1. Give me a count of the residues in region 23-47 that are modelled with pLDDT of 75 or more and in contact with a strand residue (DSSP E or B) (Cβ under 7 Å, 6 or more places away or on another chain).
2. Please go through region 1-13 and give me each residue that is open to solvent by 90 Å² or more (accessible area, probe 1.4 Å) and either assigned to a loop (DSSP other than H, G, I, E, B) or at pLDDT 95 or above (or both), ordered by number.
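The values are calculated or read from the model by the stated rules, or taken from the named source; none is laboratory data. Everything numeric here is computed off the predicted structure, so don't read it as measured data. Don't worry about glycine lacking a Cβ; one is built from the backbone with ideal geometry, like all the others, and counts go over all protein chains shown. Just so you know, the surface numbers come from the protein's heavy atoms only, side chains and all, with ligands and any DNA or RNA stripped out. Shrake-Rupley method; radii C 1.70, N 1.55, O 1.52, S 1.80 Å.
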Amino acid sequence: MDHISEADFPEVGRAAHAVIQEAKDAGVFLFGGGLDYEDNDVEYAAVAIDGTITDGPYPETKELIGGVTIVEVPTREEALKWAAKIAVACRCAQDVRKFMFDPDLIE
């Protein structure tokens with residue numbers, strides 16, 4: 001979102017909230033939220049299988065993820081439609097992935 005000014009953030013926030021409300025009203029919204037990067041105080045860490053801890057990514061890298069929205073839809077095409085709506089509202093590209101269902105995790 002480095003292509004918008006700080007003055008645009010309230011408008012982007014309203015648009016993002018509106019599209020999420022649309023997803024809730026459609027019954028497809030499961031979870032969502034932004035990641036906290038307040039004042040560039042990023043406390044992200046990656047932990048390898050050997051326990052090695054690596055700091056990063058940092059806000060100035062292309063690896064930064066700003067948030068996540070999870071929708072439950074019947075097809076990939078439907079997921080792409082919602083991603084497009086979110087991309088327009090948030091003014092940034094969206095990464096679309098499919099969750100693997102694990103019935104053993106359901107109580």
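1. 11
2. Asp2, His3
Matching residues to (1) exposed (fewer than 12 other Cβ atoms within 10 Å of the Cβ); (2) of a type in the set (Val, Ile, Thr); (3) under 25 Å from Gly13 (Cα atoms):
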{"position": "Glu72", "(1), (2), (3)": "no, no, yes"}
{"position": "Thr75", "(1), (2), (3)": "yes, yes, no"}
{"position": "Ala79", "(1), (2), (3)": "no, no, yes"}
{"position": "Trp82", "(1), (2), (3)": "no, no, yes"}
{"position": "Lys85", "(1), (2), (3)": "no, no, yes"}
{"position": "Ala89", "(1), (2), (3)": "no, no, yes"}
{"position": "Cys92", "(1), (2), (3)": "no, no, yes"}
{"position": "Lys98", "(1), (2), (3)": "yes, no, no"}
{"position": "Asp102", "(1), (2), (3)": "yes, no, no"}
